[in-house]
Amino acid sequence: MTAPIAKLSFWGVRGSTPTVDPATWRYGGNTPCLELTAPDGTQFILDCGTGLRMLGSRWGMPNGGGHPETHIFVTHYHWDHIQGIPFFSPLYAENNEFHFYSFRSKYLGRDSLKQVFEAQMALPYFPVDMSAMNAKRKFKEVEGGDTFTVGENKITAKWLNHPQGCLGFRIETPAGIVAYATDNEPGDAKLDENLRELATGADIFINDAQFTPEQLATTRKGWGHSSWQEGVKLAREAGAKTLVLFHHDPDSTDRMVDSILRQAREEYDSVFAASEGMVITLGAAVDNVQAHMPGTRTTLRREAQFRAKVTGVTEGGKEFQEETVVRDISLQGALISLQNMPRLQSELQVTMETPGEDGLHSTMHLRGYVVRIDAGTEKGHSAVGVVFTD
Ligand SMILES: [Zn+2]
Ligand SMILES: [Zn+2]
């Protein structure tokens with residue numbers, strides 16, 4: 001018998017509002033949406049941020065997910081957790097069936113989530129109305145303290161500390177336990193205890209890490225979010241195995257998230273920063289938790305032969321140095337010094353020579369797009385910024 005495996009995919013990890021700033025590209029700019037496929041084949045979707053659109057476009061592809069029945073948990077009704085709904089194409093196909101779970105908001109009353117759907121798609125906010133959504137939709141109200149089962153998986157919902165309320169979900173599958181706790185702020189004893197209960201013994205504990213500890217203590221206090229430090233503290237107290245820092249601030253660049261992750265790793269063994277496209281496998285025989293980054297997140301790739309010296313840190317924390325050959329490189333762009341002045345936003349062909357395998361030179365052809373031109377440092381030259389497209 002093979003060990004049960006669950007797969008957790010991150011489709012959106014950004015908090016508050018989507019970002020398209022290139023400085024936030026590596027971790028990703030889509031708002032919260034996760035997918036969990038349990039060992040029994042049950043498909044769960046956690047939150048409906050803008051990441052949901054990408055999940056929907058994979059729906060029909062081979063191995064692209066897309067189950068006839070899907071269970072969708074919505075933690076709360078802030079924009080960043082619902083704004084992917086109208087753009088989720090499987091909702092428009094009548095063979096699909098969706099079970100939505102969310103709480104009754106005191107601001108909306110009965111059928112809160114259904115009302116959210118209708119309001120989002122009311123004219124003139126969206127070009128088509130609800131009648132275009134042909135998939136079967138069932139809405140179930142849940143609230144903090146509820147437990148129920150879906151397939152062979154046990155779900156627990158708990159209230160978290162967040163303006164207008166937010167639910168955290170704990171999903172116990174035969175391959176491991178996932179605790180999803182986005183949008184929460186520490187400081188309310190009872191709700192802090194809820195968070196601890198959700199995270200107890202979890203294999204994966206996904207926690208809000210929007211702010212730095214300094215921000216959380218000062219300018220962002222009361223905004224309903226948390227920090228890496230709170231996540232580490234909680235993970236330690238609750239005995240969670242792996243902490244995933246989630247809901248990155250829209251103003252946090254990739255470098256800032258890198259720094260947040262580095263600090264968290266100094267204090268806790270197993271931490272990841274949620275990243276769009278990241279997939280975590282639970283229950284694998286060798287390593288209980290494996291995280292994979294998708295190749296598609298790297299930009300234009302070219303085969304190459306560059307000799308390189310690599311220094312870094314091993315998994316065990318030891319520094320290493322090694323000489324090797326770079327065999328493929330991803331290229332986003334370059335700054336090129338030119339005597340000619342190319343037209344802004346025109347195409348440019350660039351051919352570069354690389355030392356080949358046997359010392360012979362080979363060439364790398366690239367097509368680029370001129371995105372900026374500055375006065376060069378060399379006299380009579382311009383510095384031409386190029387983004388490679390092909
Ligand atoms: Zn949020
Ligand atoms: Zn929120």
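The values are calculated or read from the model by the stated rules, or taken from the named source; none is laboratory data. Just so it is clear, the structure is predicted and the values come from calculations on it, not from any experiment. Every residue, glycine among them, receives a Cβ derived from its backbone with ideal geometry; neighbour counts consider all protein chains shown. Quick note on the areas: whole protein, heavy atoms, side chains included, nothing else; ligands and nucleic acids left out. Shrake-Rupley method; radii C 1.70, N 1.55, O 1.52, S 1.80 Å.
Details
- Filter result for Pro4 (without any contact (Cβ under 8 Å) to a residue 24 or more places away in the chain and over 12 Å from the mean Cα position of the chain (by Cα)): no
- Residue among Ser112, Ser102 that alone is touching a residue at least 60 places away in the same chain (Cβ under 8 Å) and within 16 Å of ligand 2 (Cβ to nearest atom): Ser102
- The range 234-254 residues that are without any contact (Cβ under 8 Å) to a residue 60 or more places away in the chain and of a type in the set (D, E, K, R), paired with ones that are in a loop (DSSP other than H, G, I, E, B) and open to solvent by less than 10 Å² (accessible area, probe 1.4 Å) (beta carbon under 9 Å, 6 or more apart): Lys241/Ala202
- Residue in the range 342-390 that is nearest to Gln305 (Cα to Cα), counting only those that are polar (S, T, N, Q) and in contact (Cβ under 8 Å) with a residue 24 or more places away in the chain: Thr354
For every residue, the table says whether it meets (1) in a helix (DSSP H, G or I); (2) hydroxyl-bearing (Ser, Thr, Tyr); (3) crowded, with 20+ Cβ neighbours inside 10 Å.
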{"site": "Trp11", "(1), (2), (3)": "no, no, yes"}
{"site": "Thr17", "(1), (2), (3)": "no, yes, no"}
{"site": "Thr31", "(1), (2), (3)": "no, yes, yes"}
{"site": "Cys48", "(1), (2), (3)": "no, no, yes"}
{"site": "Leu52", "(1), (2), (3)": "yes, no, yes"}
{"site": "Leu55", "(1), (2), (3)": "yes, no, yes"}
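- Within the range 321-371, the set of residues being under 17 Å from Thr389 (Cα atoms), open to solvent by 50 Å² or more (accessible area, probe 1.4 Å) and small (Gly, Ala, Ser) comprises just one member, Ser330.
- Search result, residues across the range 163-174 that are open to solvent by 10 Å² or more (accessible area, probe 1.4 Å) and away from ligand 2 (no atom under 16 Å from the Cβ): Arg170, Glu172, Thr173, Pro174
Yes or no, residue by residue, for (1) open to solvent by 20 Å² or more (accessible area, probe 1.4 Å); (2) in contact with a Gly (Cβ under 7 Å, 6 or more places away or on another chain):
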| position | (1), (2) |
| --- | --- |
| Val142 | no, no |
| Thr156 | no, no |
| Leu191 | yes, no |
| Asn207 | no, yes |
| Phe211 | no, no |
| Glu214 | yes, no |
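- Options Thr351, Thr324, Thr311: the member that is modelled with pLDDT of 80 or more and within 30 Å of the chain's Cα centre (by Cα): Thr311
- Residue in the range 196-204 that is touching a strand residue (DSSP E or B) at 6+ places or on another chain (Cβ under 6 Å) and within 16 Å of ligand 1 (Cβ to nearest atom) present: no
- One residue stands out among those in the range 78-96 that are out of contact with any Phe, Trp or Tyr (no Cβ under 8 Å at 6 or more places or on another chain) and under 25 Å from Phe148 (Cα atoms): the one that is farthest from ligand 1 (Cβ to nearest atom), which is Asn96.
- Pairs are defined by a Cβ separation below 8 Å, a sequence spacing of at least 6 or placement on different chains, a first member in the range 76-90 that is touching a residue at least 12 places away in the same chain (Cβ under 8 Å) and near ligand 2 (Cβ under 7 Å from one of its atoms), and a second member that is open to solvent by less than 10 Å² (accessible area, probe 1.4 Å) and among the acidic types (Asp, Glu); the pairs so defined are His76/Asp183; His78/Asp183; His81/Asp47; His81/Asp183.
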